[in-house]
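Right, one structure below, let's go through it.
The values are calculated or read from the model by the stated rules, or taken from the named source; none is laboratory data. Everything numeric here is computed off the predicted structure, so don't read it as measured data. Please note: Cβ atoms are built from the backbone with ideal geometry, for glycine as well, and neighbour counts cover all protein chains shown. Note: areas computed on protein heavy atoms with side chains; ligands, DNA, RNA excluded. Shrake-Rupley method; radii C 1.70, N 1.55, O 1.52, S 1.80 Å.
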Amino acid sequence: MIQLPIKKDTLFCLKTLICFLLYSLLYIFILKSILDIPYVAVIEAHKERLCTPNSDLFTLKNIKDFHIYSFTYFFMVLIVTSLYIFAIINYIGKNFSTARSIKRTILLFMFFCFFLLTFLQQSSRYNVLTKDFAVTKKRSESDKKSMLFKEEYEFAIRAKNKLSGRHQAEFLTDLKCDEDPCIINSRIIKYFLYPEVTIGFDNKTKKDVNVLYFVNDPQKYINDKDEILVNMNNEYILTLRK
Amino acid sequence: MALSILLLISVLIPVFCGYCLISFIFTKNKLDIVLNLALSYGMGMGILTIWMFIIGISGLELNFANTTFPLVCFSFIFLLIAKHSTPLSENIQTPKDIVTTPKPSIMLISFNSFLIIFITVNILQIFWGAISWPIDSWDAFATIAFKAKIFFYEKSIPSLKILPHPTYPLHTSLAETWTAINIGRWSDQYIKIIFPCTFLSFLIVQYKFLKNYTDTTWSLLGCVLLISSNLAFYHATISYRDLFLMYYNCITIMMLILWSSSKKTSFLITAAFFAGFASFTKLEGSSFIVIYIILFIMISFFNKTSFKENIKNTLALLIPSLTICLSFHIYKFFTNNLIDGTADCDKTALVLGLGQLLKLPKVIHAFYLNMFLSGNWNIVWMIACVSILLWDYKKKNREAFLVLVSIFLFIGLYSAIALFTSNYPWIAGDKKVTTLSRLILHFYPLAPILIILINHLNFSSDRLDTSSINPKKQALNK
């Protein structure tokens, strides 16, 4: 009898790797059949969906009304339940070593599911990284902020350039500040105007500045003596009260 | 180049201060150097921000000299005391001392290498993501970075009343201020260096914790499970407080479990400090102390300690944690800042009534949708559930049991907060999308830890039962 020069552990690892590859192919094949899309499209669909950066919730969009994790769970529940029942039968029959092997098989299968999704997720993360890198390449911090926050940042920079020393300001708007876009944009403006212009708290400097943000009738708030320091399309106005 | 050095210094100073204090706490017992350094970062940042808070409210200027020199001097004193004292025991006893592990095969080494490469690539991505983008998130503009900017430019902590969300603890904001003080200017990009550093520190602590009960492969797998969470990965690159709360909270749990195994009070004291820092990070951190006390009582019951030992341990847990926790709340009380604001903004308003329990199904449904069907956590929570089903309950696995209890306690706590406070809309109501994920993040690392602790024994059932160090048990097992 020919003995293979492979250790038991190595054989186990090889078998595990082959099983994982087979599972991955089966997963993609089943999805391709159900969704009726090419193999590459299955992978691309995962890459687009598995990493959608958001500070509050990474949403997982369906692929043609098909939820990726739901499918994986269905697959897992189907196979895990079958194996679990088989394990219980063996336990009842006092075949403990077989029951233990089945348990390990279940756990291995779970990790197969995890690793496949993680690989696909990693390529999704890589997509996000390459897009971010392309966007941020050779841009200064100021350029990036300008790109992200557009008019709000531009307004803040122009305002800071026109003012000397520190001031306090009144923030005036006709938009509802507990709704978009004012709820976030007002905060961006306050953040970038600080420290030259403080809105919302007393820093012991003169309160002699008005920030008019999307005010329908700006003239209502501008006196004859006031100096208009910044005016961006009558939507972003900075005035100095005199 | 100069900026890189300044950023490095901003990290090294808290690590040094933390190292001195950790060395002092572990005077009688030597701690693994890598674990020591990883814990030092968290300890140092915690002590640093509390010190900055004290300086800020006492009227002293928040600058490099006032922040650093007294802290470094005090830390040095602790280090000298620690180095002069002779340790009673050389090393914290670990199961590895008892179980001889076979030499790993080439395939296993390859697999471990693959895991290490995966972890390294993601860590590099996190660092790049953190310092390449300026802050661009809601909470950063509204509160965290805005407060940090105010502290930096005003060089003090003004009355909390004038700040947005005045009741919120200040750890993260002060940590960002510290970075700005070190680099000498306000930078919306580089102040975020603290987040990937925190994540890296946590990863190392988790790895070392799991290594204490399992082996290299399983510990690395635990790290991969943690990194596979999109939300944890992303929060390591943005200016939010939730990562810090996750860090302090989960390390407190890990330290309590290590105390349970080793019975060394040093771990309990470290847990107490981290529990205090958690309370200074977010308001929820104060309520976590109740969970830590429950775990403490359970562990004391398991360990069957004497009455005198119980009193000593209770003081070791409560004095550091409650001192830090209550200090900030007492300060808010005396400066009339206990209530956040009006209507929806007051996160601390209670809504009591049995009718609130009718909302429980909605709360559970919200948790289910988030944990299993969102893109936040990969399929880690499902794997945790299946692992619990396959748990061999005959094998005593106290550590896994404590982690499981912790997870249920956190879910219970947040469910109670959703039901009986004005936070229901943010957790399970119309606004659930904005908060629930971050709440789960606070205890998410317990899921990978649970998976590893349960499954390691399932896969290595032929070895000795290495859970919970017990000399008598080891002698019996031998």
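Around the Cα centre of chain A, unit charges on the Cβ atoms of Lys, Arg, Asp and Glu (plus for the first two, minus for the last two) sum to a dipole of about 1320 debye. Sorting B:76-84, A:130-138 by their mean Cβ neighbour count within 10 Å, with the most densely packed peptide first, gives B:76-84, A:130-138.
Excluding same-chain neighbours fewer than eight residues apart, the lysines reachable from A:Lys131 by a Cα-Cα span under 29 Å are A:Lys32, A:Lys47, A:Lys61, A:Lys64, A:Lys144, A:Lys145, A:Lys150, B:Lys192.
Accessible surface comparison of A:Tyr39, A:Tyr84, A:Tyr69, probe 1.4 Å, protein chains only, largest first: the order is A:Tyr39, A:Tyr84, A:Tyr69. When chain A is treated as a GNM with alpha-carbon contacts under 10 Å, the residue of A:Leu120, A:Leu31, A:Leu163 showing the greatest mean-square fluctuation is A:Leu163.
Compute the accessible area of each residue in the range B:206-234 twice, once for its chain alone and once with every protein chain present, using a 1.4 Å probe on heavy atoms, and list those whose area falls by at least 50 Å². Listed in order, they are B:Asn230, B:Tyr234. Starting from the Cα of B:Leu6, move 7 Å in the Cα-to-Cβ direction to define the label point; list residues of the range A:141-156 whose amide nitrogen is under 17 Å from there. Under 17 Å, as judged by backbone N against the label point of B:Leu6, lie A:141-142 of the range A:141-156.
What per residue convex hull volume, in Å³, comes out for the range A:8-136 when only alpha-carbon positions are used?
On the way: hull volume 19.1 nm³, N = 129.
So the per-residue Cα hull volume is 148 Å³.
The amide H of B:Thr421, built 1.01 Å from its N in the peptide plane, has B:Val351 as neighbours under 5 Å, considering only residues 5 or more places off or on other chains.
What 222 nm value per residue comes from the helices of chain A, counting each DSSP H run with n ≥ 4 as -39,500 (n - 2.57) and dividing by all residues, nearest 500 deg cm²/dmol?
Details: 6 runs with 139 residues, N = 242.
Using -39500 (n - 2.57) per qualifying helix, the result is -20000 deg cm²/dmol.
Using alpha carbon centroids, what distance separates the range B:265-311 and the range B:408-423, in Å? Computed from Cα coordinates, the inter-centre distance equals 20 Å. Around the Cα centre of chain B, unit charges on the Cβ atoms of Lys, Arg, Asp and Glu (plus for the first two, minus for the last two) sum to a dipole of about 1120 debye. How much net charge surrounds A:Cys51 when only other residues with a Cβ under 12 Å from its Cβ are counted (Lys, Arg +1; Asp, Glu -1)? Taking every Cβ under 12 Å from that of A:Cys51, the sum is +3. Note on A:Arg104 and A:Tyr126: with the Förster distance fixed at 41 Å, the Cβ-Cβ geometry gives a FRET efficiency of about 0.80.
Counting only DSSP beta bridges with both residues in the protein assembly as shown, the antiparallel share comes to about 50 percent. Farthest toward the dipole's positive end in the protein assembly as shown, which of A:Tyr27, A:Phe96, B:Phe333, given Cβ charges of +1 (Lys, Arg) and -1 (Asp, Glu) about the Cα centre? Toward the positive end, the furthest listed residue is A:Phe96. Taken one residue at a time, the phi angles of the range B:420-427 give Karplus couplings (6.51, -1.76, 1.60, θ = phi - 60°) of 10, 10, 6, 8, 3, x, 7, 9 Hz. Gly and Pro are set to x. For the range A:87-109 versus the range B:313-331, the spacing of their alpha-carbon centroids is 48 Å. Counts of other chain beta carbons within 10 angstrom of each beta carbon in peptide B:158-166 average 2.
Shielding value for A:117-125 is 4, the average number of Cβ atoms from other chains within 10 Å of each residue's Cβ. Here is the list for the range A:158-242: GluC sites (Glu not before Pro) lying in DSSP coil, each with at most 15 other C-beta atoms within 10 angstrom of its C-beta, are A:Glu179, A:Glu235.
When the Cα atoms of the range A:141-240 are enclosed in a convex hull and the volume is divided per residue, what value in Å³ results? Working shown, then result.
Details: hull volume 9.8 nm³, N = 100.
It is 98 Å³ per residue.
Cα-based Rg of chain B per 2.2 N^0.38 Å, rounded to two decimals? Intermediate values should be presented prior to the final figure.
Values: Rg = 22.0 Å, N = 478, 2.2 N^0.38 = 22.9 Å.
Dividing the Cα radius of gyration by 2.2 N^0.38 Å gives 0.96.
Electrostatic tally near B:Leu315: other residues with Cβ closer than 12 Å to its Cβ, Lys and Arg +1, Asp and Glu -1, net +1. The long axis of helix A:96-136 is offset from the longest Cα principal axis of chain A by roughly 30 degrees. Hey, how many Å between the Cα centroid of the range B:36-73 and the Cα centroid of the range A:176-237? Each part reduced to its Cα centre gives a spacing of 36 Å. Per residue, the convex hull spanned by the alpha carbons of the range B:177-239 comes to 79 Å³. Provide the FRET efficiency to the nearest 0.05 for the B:Ile311-B:Phe69 pair, computing r from the beta carbons and using R0 = 45 Å. Rounded to the nearest 0.05, the efficiency is 0.75.
In µm²/s, what is D for chain A at 20 °C and 1.002 mPa s, where D = kT/(6 pi eta Rh) by Stokes-Einstein and Rh is the Kirkwood radius from Cα pairs? Provide the component values of the computation, followed by the final result.
On the way: Rh = 23.9 Å.
This corresponds to a translational diffusion coefficient of 90 µm²/s.
Among the residues of A:9-18, the average count of other protein chain beta-carbon atoms within 10 Å of the residue beta-carbon is 3. Peptides A:139-145, B:286-292, A:14-20 ordered by packing proxy, namely the average of other Cβ atoms within 10 Å per residue, highest first: B:286-292, A:139-145, A:14-20. State which entries of A:Lys137/A:Lys160; B:Lys312/B:Lys332; A:Lys162/A:Lys225; B:Lys263/B:Lys395; A:Lys204/B:Lys155 exceed 19 angstrom in Cα-Cα distance in the structure shown. Table pairs above 19 Å Cα-Cα are A:Lys137/A:Lys160; B:Lys312/B:Lys332; B:Lys263/B:Lys395.
Here the protein assembly as shown is treated as a sphere whose radius is the Kirkwood value from Cα pairs; by Stokes-Einstein at 4 °C and 1.567 mPa s it diffuses with a coefficient of 47 µm²/s.
Angle of helix A:141-162 to the longest C-alpha principal axis of chain A, folded into 0 to 90 degrees and rounded to 10: 10°.
How large, in percent, is the carbon and sulfur part of the accessible surface of the protein assembly as shown at a probe radius of 1.4 Å? Walk me through the numbers before you get to the answer.
On the way: 20810 of 31740 Å².
Carbon plus sulfur share of accessible area: 66 percent.
Taking the DSSP beta bridges in chain A as the whole, what percent of them are antiparallel, to the nearest 5? Kindly include the intermediate steps, with their values, before the conclusion.
Numbers: 10 of 19 bridges.
Expressed as a percentage, antiparallel bridges in chain A total about 55.
The distance between label points at A:Lys162 and B:Val34 comes to 5.8 nm (points 7 Å beyond Cα on the Cα→Cβ vector).
For chain B, what does -39500 (n - 2.57) per DSSP helix run (n ≥ 4), summed and divided by total residues, give at 222 nm, in deg cm²/dmol to the nearest 500?
Values: 21 runs with 326 residues, N = 478.
After summing the helix terms and dividing by the residues of chain B, the value is -22500 deg cm²/dmol.
On full extension of the chain, what length is gained from A:Asp202 through A:Phe86, given 0.36 nm per residue of separation minus the C-alpha to C-alpha distance? All intermediate terms of the calculation are to be shown ahead of the outcome.
Numbers: separation 116, 0.36 × 116 = 41.76 nm, distance 7.13 nm.
Contour length minus the Cα-Cα distance gives 34.6 nm.
For the range B:54-86, backbone nitrogen atoms closer than 18 Å to the point 7 Å from B:Ile330 Cα along Cα-to-C-beta are found at B:54-59. Taking amide H atoms as placed 1.01 Å from N in the peptide plane, the amide H of B:Ser156 lies under 5 Å from those of B:Leu62, each 5 or more residues away in sequence or on another chain. Each Lys and Arg adds +1 at its Cβ and each Asp and Glu adds -1 at its Cβ; summed about the Cα centre, the protein assembly as shown shows a dipole of about 2220 debye. Here the extension length gained between B:Tyr368 and B:Ile388 equals 5.5 nm, from 0.36 nm per residue of separation less the Cα-Cα distance.
Starting from 0.36 nm per residue, how many nanometres of slack lie between A:Leu25 and A:Ser142 once their C-alpha separation is accounted for?
Working: separation 117, 0.36 × 117 = 42.12 nm, distance 4.67 nm.
That works out to 37.5 nm of additional length.
Considering only alpha-carbon pairs that sit under 8 angstrom and 6 or more positions apart, the relative contact order computed for chain A is 13 percent.
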